[in-house]
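Please read the structure below before turning to the comments.
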Protein chains: 2
Amino acid sequence: MVTIKDVAREAGVSVATVSRVLNDNGYVGADTRKKVMEAIAELNYSPNEVARSLYKRESRLIGLLLPDITNPFFPQLARGVEDELSQAGYRLLLGNSDENIQKELEYIQTFVQNNVVGIITATNHVDYKIYEALDLPLVLLDRASENYPAVYADGREGGRLAAKTLIEKGAERITLVKGPANIKPAQDRFQGAIEELSQADVDFSVLSTTSYSFEEAQGWAEELFDKFSDTDGIIASNDIVGIAIIHEAMERGKRIPEDVQIIGYDDIPQSRLSYPTLSTIRQPAYEMGREAAKLLIRTIKKEPGVEQTIQMPVELIERKTTRKE
Amino acid sequence: MVTIKDVAREAGVSVATVSRVLNDNGYVGADTRKKVMEAIAELNYSPNEVARSLYKRESRLIGLLLPDITNPFFPQLARGVEDELSQAGYRLLLGNSDENIQKELEYIQTFVQNNVVGIITATNHVDYKIYEALDLPLVLLDRASENYPAVYADGREGGRLAAKTLIEKGAERITLVKGPANIKPAQDRFQGAIEELSQADVDFSVLSTTSYSFEEAQGWAEELFDKFSDTDGIIASNDIVGIAIIHEAMERGKRIPEDVQIIGYDDIPQSRLSYPTLSTIRQPAYEMGREAAKLLIRTIKKEPGVEQTIQMPVELIERKTTRKE
């Protein structure tokens, strides 16, 4: 491949001079400029290589695709990604897909057009074909994969842990809130909880929901108590829904955790401020973001022996919506 | 200025062929490529112009600088900015400054290096000198300015409205939580509340705080009730602090709103899920983001008669932490 040194030699000037011409930066006489341009032509040093070299120095962009940053789980992920990337000199191009495939495709196309050097995606509608065609380092975040490097928390274990906790703490009529069907981590934790509940000597019901939105969470909470009014243990689909359920239980005069225990999922910052504070299964969102960024950087740098998959641990955070043993 | 058409004419090829050479996209024979490169050299069509033309088509990047996206007010702003920009074909480079000047400078430098066509900043430590030197369209978001286009909500009016509401609803020993001194909108709303309280026939106290963080909010709430245990009306510095105050009041067995009324600021999505739900002063964060993006796009396009400043209205959202009249 023809390099800037070859161009400098051919033109009989220094590399710095070629660089000044390339960057239009600093004074270069018209004759010298012409000599450099001719050398570029002679050597077939393509303008695209020029552009690429400019980019190489100037573009250290990473594309980050999220479902929706207004869900409080994702700002934590994004900050983790950003903090790690920015320490390493990379910058973040952000897109929210709203789990809409069309938006996801558009963002990926513009990421590529903007010469990102890698992509981190936390969406659930991934069209693998596009990603296959990309030829760019890619890391999946908040979802497992056999085809791509991925950083995710152990959702199945998290679901099991939530169910196990309520069973151990004496809940006998458990309601399990099933999160949106199209969101893989929601289904993982649901499956984990179902496994644990099925093996236990306990009655349980499932409330099926289709979103994590703040706007709709209150509705799910109302529906839950309308349908399963005597439930004494609720496994929420995430903390937002858990906080809405606390609110609805309080509205209905239920004592927490005496009449009903509630366990959330995620450990978003808000869950420590609800009344009562929400017991939950913690996913280390910020750390997951950092790990995904590290993994991507190692992949970009083609470091040998980079692990393909990082499964992060989940943990029970006991606050006041579950009983003390 | 030499254009791609001049290069095509000189090389005796079509513009499409020149474009294929420039983009290294599609088959171009070695001879044709050489002819195009020679024409580029002959006409002194500088590689930087090539790069610029690549950028012109490919870079429609906008830099967005936020204090911290994990504060739930900012994802709303960011979504508003992104939704508007992406409709117009622009993409978002995101940076969180943590109100740290060094980080702010680094982000602005890399925004420029990545050829952003404009910047939106919601930080409070703006070093005007850098922005002056930028020569790039700039819109300030969530802060007023006489020097730059700005989109912000009427914080002073919001503070007045919060104080007026508590006074009208019968609070007699009001505690005003003063937000971080270095955050301009926090001081605007504080000043508005002070004005209103000073004119009224009411006792009041001020609790001075230095952050909006989730981690510290619980501490401010405890300090508040330790110092002003008989307060019957609290104007929180924002909704996060308001939700922490609800939690602490409930912990201490106070009835809300009978014993103590609480009013927040922002109307983040969480405030409708607290128990009791938080009355607050709403800033239209999402709409502010959209307006800032529109203003920036109009400025980039050099549309005539673009307004310099857009002040958005605030409004009282009455929920259950204030008394019904």
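The values are calculated or read from the model by the stated rules, or taken from the named source; none is laboratory data. Since the structure is predicted, the reported quantities are computational estimates derived from the model, not experimental observations. Because the Cβ atoms are built from the backbone with ideal geometry, glycine has one as well, and the counts that use them run over all protein chains shown. Side chains included, ligands, DNA and RNA excluded: accessible areas come from the protein's heavy atoms. Shrake-Rupley method; radii C 1.70, N 1.55, O 1.52, S 1.80 Å.
The H on the amide N of A:Met312, modeled in the peptide plane, is under 5 Å from the matching H of A:Tyr152, A:Ala153, A:Asp154, each at least 5 residues off or on a different chain. Distances between equivalent label points of A:Val2 across the copies, with each point positioned 7 Å along Cα→Cβ, amount to 1.5 nm, shortest listed first. Taken one residue at a time, the phi angles of the stretch B:144-155 give Karplus couplings (6.51, -1.76, 1.60, θ = phi - 60°) of 7, 6, 8, 9, 9, x, 8, 10, 8, 9, 7, x Hz. Gly and Pro are set to x. Take the cross-link list A:Lys324/B:Lys169; A:Lys294/A:Lys320; A:Lys294/B:Lys103 and give me the ones stretching past 30 Å between alpha-carbons. Result: A:Lys324/B:Lys169; A:Lys294/A:Lys320 exceed 30 Å. Give the distance, in whole Å, between the Cα centre of the stretch B:224-295 and the Cα centre of the stretch B:175-210. Rounded to whole Å, the Cα centres lie 14 Å apart. Taking amide H atoms as placed 1.01 Å from N in the peptide plane, the amide H of A:Gln283 lies under 5 Å from those of A:Asp266, A:Asp267, each 5 or more residues away in sequence or on another chain. Which whole-number percent of Cα pairs in the stretch B:72-211 have a distance greater than 28 Å? Counting every Cα pair in the stretch B:72-211, those more than 28 Å apart make up 31 percent.
May I ask you to list the trypsin sites (Lys or Arg not before Pro) in the stretch B:152-252 that are in a DSSP loop and have at most 16 other Cβ atoms within 10 Å of their Cβ?
Numbers: sites: B:Arg156, B:Arg160, B:Lys164, B:Lys169, B:Arg173, B:Lys178, B:Arg189, B:Lys227, B:Arg252; in loops: B:Lys169, B:Arg252.
The qualifying sites are B:Arg252.
For B:Asp83, the label point sits 7 Å beyond Cα toward Cβ; its separations from the matching points on the remaining copies run 2.9 nm, from shortest to longest. Relative to the longest principal axis of the Cα atoms of chain B, the long axis of helix B:285-300 lies at roughly 30 degrees. The mean count of C-beta atoms from other chains within 10 Å of the C-beta of residues in B:74-81, rounded to a whole number, is 3. Select the chain B residue whose beta carbon lies nearest to the rotation axis carrying chain B onto chain A, and write the distance in whole Å. Reported as residue, whole Å: B:Ala41, 2. Going by the alpha-carbon gyration tensor, a ≥ b ≥ c the square roots of its eigenvalues, is the stretch B:155-283 rounded (a/c under 1.5) or, if a/c is not under 1.5, prolate (a/b greater than b/c) versus oblate? Rounded shape, in that the Cα axes give a/c under 1.5. Shielding by partners for peptide A:89-98, expressed as the average number of C-beta atoms from other protein chains within 10 Å of each residue's C-beta, is 5.
Alpha carbon centre of the stretch B:143-169 versus the stretch B:71-116: separation in Å? Centre-to-centre distance over Cα atoms comes out at 24 Å.
Dividing the summed -39500 (n - 2.57) terms of all DSSP H runs of n ≥ 4 by the residue count of the protein assembly as shown sets its mean residue ellipticity at 222 nm at -14500 deg cm²/dmol. Residue-wise HN-Hα couplings along the stretch A:227-237, as the Karplus relation 6.51 cos²θ - 1.76 cosθ + 1.60 with θ = phi - 60° gives them from phi, are 7, 10, 5, 9, 4, 10, x, 10, 9, 7, 6 Hz; Gly and Pro carry x.
Accessible surface computed residue by residue for the protein assembly as shown, with neighbouring protein chains in place and a 1.4 Å probe, gives 40 Å² per residue. Averaged over the residues of A:269-281, the number of partner chain Cβ atoms lying within 10 Å of the residue Cβ comes to 5. Each copy carries a label point for B:Asn147 at 7 Å from Cα toward Cβ; from one copy, the others' points are 5.1 nm away, ordered from shortest.
Its residue count N fixes a reference of 2.2 N^0.38 Å for chain A, and the Cα radius of gyration divided by that reference is 1.32. Potential lengthening of the chain between B:Ala181 and B:Asp259 amounts to 25.1 nm, from the contour at 0.36 nm per residue minus the alpha-carbon distance. Mind running the shape call on the protein assembly as shown? Use the C-alpha gyration tensor, a ≥ b ≥ c as the square roots of the eigenvalues: rounded below 1.5 for a/c, prolate if a/b tops b/c, oblate otherwise. Judged from the Cα gyration tensor, the protein assembly as shown comes out oblate (a/c at least 1.5, b/c at or above a/b).
The length gained by stretching the chain between B:Glu132 and B:Gln311 to full extension, at 0.36 nm per residue less their Cα-Cα distance, is 62.2 nm. Close amide H pairs (under 5 Å, H built 1.01 Å from N) link B:Asn238 with B:Tyr265, residues at least 5 positions away or on another chain. Computed from label points 7 Å out along Cα-Cβ, the spacing between A:Glu168 and A:Val206 is 2.5 nm.
For a Förster distance of 51 Å, can you work out the FRET efficiency between the beta-carbons of B:Arg9 and B:Glu195, rounded to the nearest 0.05? Kindly include the intermediate steps, with their values, before the conclusion.
Working: r = 69 Å, r/R0 = 1.35.
Plugging the Cβ-Cβ distance into 1/(1 + (r/R0)^6) gives 0.15.
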